[in-house]
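Scroll down for the structure; my scribbles are underneath it.
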Amino acid sequence: MNTFTQAGTFLIQSLGSLYLSVVLLRFLLQWVKADFYNPISRFLVKATHLPSKPLRKLFPTFRSFDMASLVLALLVQWLAIQLTASINGAGLINILLALSWGAVGAVSLVLNLYLYGLLVIIIVSWVAPQSRHPILLLLNQLLAPVMEPFRRIIPPLGGLDLSPIFMFLVINMLQIFVRGVAGYLQLPAPIVPGI
């Protein structure tokens, strides 16, 4: 692999992962019914509005499940995979294989978003517990529905919330499962954003 191929692969992977994160965050925030008057939410909606507009006619939102954003995420993954494969000389990839690789990459990215979001919330709770920054408010709204089952099982002990530890364990177990599926699908890591 020459320098231009590496640079092109890096650029496509970085931009693909960044935009995929934006699309998946819009899906997740709509799924948890987060505050869409938050400036971060408004940015996510504006950044995904144009490409998702025609998809919304084909795939309407059902309750809070935004199917158009999921389809857009798969299309972004497919495009990034195909561009990366073309740059690396692999030519056209079977669309079903690329979509299955893209789905695994998207699930991996969602797990990473939850993992890093949880880390940010924990660190900020130690450093600046009274912070009302818009990103922190959205992270709390995003993590609250996922944390609720853990908090029901393990209530706070003397003001110490141990539920994030168990959420870390579950996320890591899910990541191991996703890596197993990626291995089964013979997913080439340098080609798929999110892995």
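Laboratory data are not the source of any read-out in this text; all were calculated from the coordinates shown. For clarity, every value in this text was computed on a predicted model and none was experimentally measured. Using ideal geometry, Cβ is built from the backbone for each residue, glycine included, and neighbour counts are taken over all protein chains shown.
Computed from the C-beta positions of Ser14 and Arg42, the FRET efficiency with R₀ = 35 Å rounds to 0.90. Normalised by 2.2 N^0.38 Å, where N counts its residues, the alpha-carbon radius of gyration of the chain equals 1.12. Of the trypsin sites (Lys or Arg not before Pro) found in the range 97-195, those that fall in a DSSP loop while having at most 11 other beta-carbon atoms within 10 Å are Arg132.
Computed from backbone phi, the HN-Hα couplings of the range 89-105 come to x, 7, x, 7, 9, 3, 4, 5, 5, 5, 5, 5, 4, x, 5, 5, x Hz, rounded to whole numbers (Karplus: 6.51 cos²θ - 1.76 cosθ + 1.60, θ = phi - 60°; Gly and Pro given as x). Just going by the charge dipole of the range 3-184, with Lys and Arg at +1 and Asp and Glu at -1 on Cβ, which of Trp126, Leu99, His49 is farthest out on the positive end? Checked the options; the winner is His49. Per-peptide packing, taken as the mean over residues of other Cβ atoms within 10 Å, places 124-131, 2-9 in the sequence 2-9, 124-131 from highest down.
If you place +1 on the Cβ of every Lys and Arg and -1 on the Cβ of every Asp and Glu, how big does the dipole about the Cα centre of the chain come out, in debye to the nearest 20?
With only Lys, Arg, Asp and Glu charged at Cβ, the dipole is about 480 debye.
Computed from backbone phi, the HN-Hα couplings of the range 125-135 come to 5, 7, 7, 9, x, 9, 5, 10, 5, x, 5 Hz, rounded to whole numbers (Karplus: 6.51 cos²θ - 1.76 cosθ + 1.60, θ = phi - 60°; Gly and Pro given as x).
Over the chain, dividing the summed -39,500 (n - 2.57) contributions of all DSSP H runs of at least 4 residues by the number of residues returns a 222 nm mean residue ellipticity of -26000 deg cm²/dmol. Listed by Cβ neighbour count within 10 Å, with the fewest neighbours leading, Asp161, Asp35 appear as Asp35, Asp161.
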